[in-house]
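Only one structure is covered here, and it is reproduced in the block below.
The values are calculated or read from the model by the stated rules, or taken from the named source; none is laboratory data. Bear in mind the structure is a predicted one, so any value in this text is a computation, not a measurement. Positions of Cβ are backbone-derived with ideal geometry, glycine not excepted, and every protein chain shown enters the neighbour counts. To get the accessible areas, we keep the full protein, side chains included, count just its heavy atoms, and leave off ligands, DNA and RNA. Shrake-Rupley method; radii C 1.70, N 1.55, O 1.52, S 1.80 Å.
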Amino acid sequence: MIPVALSIAGSEASGGAGAQTDLKTFQQLGTFGTVALTCIVSFDPKNNWGHRFVPVEPQVIADQIEATTAVHDIDTVKIGMLGTPATIDAVATALAERSFRHVVLDPVLICKGQEPGAALDTDNALKQQILPLATFVTPNHFESLALSGMEKIDSVEDLTEAAKRIHDTYGVSVLAKGGVVLEGEDAVDVFYDGEQTVELRSPKVGQERVSGAGCTLAAAVTAELAKGATPLEAARTAKAVVDSSIAHRQGGNAPFDAVYQGFYGKN
Ligand code: PXL
């Protein structure tokens, strides 16, 4: 049997991020991908490519998770954009009703296009209801600040401290991403699982953020865990998948390029 991976995430129609990215990553890594959609994001070309955001009804999210976990024996799940407190409630309930071995959380905190007030509620609900159910989190620079409570993360040492604090608070394996935000030639991620601290480095591919890099990283971790890798092995492979996906990015008419996973593992 091909290992099955489930993504609970939003649709991003242009294929650069969200569930579309997760499925492509799952496929590229040899897993059988499934999705429960949480929301539908449509960039608005007439409004500076802002996000138009429509949540999926909570009962429909629960139904999708019920459907895919009834068809398949799934022990590894990735959580991407949730976007509203009602969605977080539905997903937290569905997770708590099942015993997934690995729950990989890409803690997408602020969704552009939302009211600041709604975003704060959503952030708090994510911290209170989803993080306690997660086993592995992949915060970016901004999310590492928010989850660790640190005032600044300016160095790899700061990023390591943030990863430790997030682990100690939530009991999860952490892959904290320095990305293009931390200065230096390399993109540095820090892995910490309570026992090992490992810096994962690779040369930066340009200085621009590329859409879908975070989704790809968490999806690749999920696929590797579903295949039986350890968290550290999964993190190492995921970093290589992201590097390849950024190097082979897809341009278009939007002001940001999108990752493409299709070259990973070939040539
Ligand atoms: O990359 C974050 C992200 C996740 N999920 C969806 C998105 C985005 C960013 O656009 O649209 C659905």
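In table form, for the structure just shown:
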{"item": "From T69, T87, residue being modelled with pLDDT of 95 or more, surrounded by 13 or more Cβ atoms within 10 Å (Cβ to Cβ), among the hydroxyl-bearing types (S, T, Y) and more than 29 Å from H141 (Cβ to Cβ)", "result": "T69"}
{"item": "Residue in the stretch 200-210 that is assigned to a strand (DSSP E or B) and in contact with a Leu (Cβ under 9 Å, 6 or more places away or on another chain) present", "result": "yes"}
{"item": "Considering residues of the stretch 167-190 that are in a loop (DSSP other than H, G, I, E, B) and within 12 Å of N140 (Cβ to Cβ) only, the residue most open to solvent (accessible area, probe 1.4 Å)", "result": "V181"}
{"item": "The stretch 22-44, residues that are within 16 Å of the chain's Cα centre (by Cα), away from the ligand (no atom under 13 Å from the Cβ) and in a helix (DSSP H, G or I)", "result": "K24, F26"}
{"item": "Residue, least open to solvent (accessible area, probe 1.4 Å), within the stretch 8-21, restricted to residues that are without any contact (Cβ under 8 Å) to a residue 60 or more places away in the chain and more than 8 Å from the ligand (Cβ to nearest atom)", "result": "Q20"}
{"item": "Subset of the stretch 45-58 (residues that are open to solvent by 50 Å² or more (accessible area, probe 1.4 Å), within 12 Å of the ligand (Cβ to nearest atom) and either assigned to a helix (DSSP H, G or I) or not charged (D, E, K, R) (or both))", "result": "W49, V54, P55"}
{"item": "Residues of the stretch 1-21 that turn out to be in a helix (DSSP H, G or I) and either modelled with pLDDT under 95 or out of contact with any Gly (no Cβ under 7 Å at 6 or more places or on another chain) (or both), as a count", "result": "1"}
{"item": "The stretch 191-215: number of residues that are under 20 Å from the mean Cα position of the chain (by Cα), away from the ligand (no atom under 16 Å from the Cβ) and open to solvent by 70 Å² or more (accessible area, probe 1.4 Å)", "result": "2"}
{"item": "Subset tally (residues that are surrounded by fewer than 14 Cβ atoms within 10 Å (Cβ to Cβ) and of a type in the set (A, V, I, L, M, F, W, C)) for the stretch 229-266", "result": "2"}
{"item": "Single residue of the stretch 126-166 satisfying the filter (in contact with a Ser or Thr (Cβ under 7 Å, 6 or more places away or on another chain) and closer than 16 Å to D193 by Cα) that is most open to solvent (accessible area, probe 1.4 Å)", "result": "R165"}
